[in-house]
Amino acid sequence: MTTLLTVISSLLWWVLYSSIAALVFALIGWSVLRWTERCAVVFNRIYFACLLWTMVGMLLVVGVAAYEGHLHPPYAALLSSGLLRCVLVLDMLIGTVLLWRLTPRIDAHRIRPGSACMAVAVIMAISFGIATSLA
């Protein structure tokens, strides 16, 4: 019973932290996409794409941290890992595809793949800058 409660609690915290991060990423992505598309984009779809992207990204990063044995601070060794860099590139590709496929403009056209790449690049640059300053 304790194991079941632990798993349920972990899943709840995973969804909670993912949704908090996705809200921040969606705000950044929304402003970048409005700028690059020169048209209004649907915010709730950006949030949904960012939520899925954040949930997958957290699983990937925690998986790499568990594989390399860096689950506790300091995380400087994890940030210099080659495997983490490959996983972050995969994470950026997943984020680009999710934003591109799930986010429409207000005129019902899909955003351009280049705009999705720009939004993901800005989000990753800001989040990686924050992560390196905390490590």
Revision key, fill the gap. Sorted by chain and then number, the residues having a modelled amide H within less than 5 Å of the amide H of ARG105, at least 5 places away or on another chain, are ARG110, ILE111
Study note, to complete from the structure: Cα-based Debye curve of region 16-134 sampled at q = 0.10, 0.16 Å⁻¹ gives log₁₀ I(q)/I(0) of -0.30, -0.72
Review point. Taking all protein chains as present, what is the carbon and sulfur share of the accessible area of region 16-134, in % to the nearest whole number, probe 1.4 Å?
Key: 74
Check your understanding: Taking only protein heavy atoms and a 1.4 Å probe, what accessible area per residue, in Å², does region 17-63 have with all protein chains in place?
Key -> 52
Check your understanding: How large is the helix-only mean residue ellipticity at 222 nm for the chain, computed as the sum of -39500 (n - 2.57) over DSSP H runs with n ≥ 4, divided by its residue count, in deg cm²/dmol to the nearest 500?
Key -> -28000 deg cm²/dmol
Exercise for review: Can you pull the one-decimal nm distance between simple spin-label points at MET1 and ARG101, each 7 Å off the Cα toward Cβ?
Suggested key: 4.2
Exercise for review: Would you mind getting me the FRET efficiency between ALA66 and ARG112? Use the beta-carbon distance for r and R0 = 35 Å, nearest 0.05.
Suggested key: 0.45
Revision key, fill the gap. Measure of exposure for TRP100: accessible area at 1.4 Å probe, Å² rounded to 10, is 80
Exercise for review: Pop a pseudo-label 7 angstrom from the Cα along the beta-carbon direction at both LEU59 and VAL24 and give the gap in nm to one decimal.
Suggested key: 2.2
Review point. So what is the relative contact order of the chain, in percent, for Cα pairs below 8 Å that sit 6 or more residues apart?
Key: 30
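The values are calculated or read from the model by the stated rules, or taken from the named source; none is laboratory data. Everything numeric in this text was worked out from a predicted model, so none of it was measured. As a convention, Cβ positions derive from the backbone with ideal geometry for all residues, glycine included, and neighbour counts pool all protein chains shown. Side chains included, ligands, DNA and RNA excluded: accessible areas come from the protein's heavy atoms. Shrake-Rupley method; radii C 1.70, N 1.55, O 1.52, S 1.80 Å.
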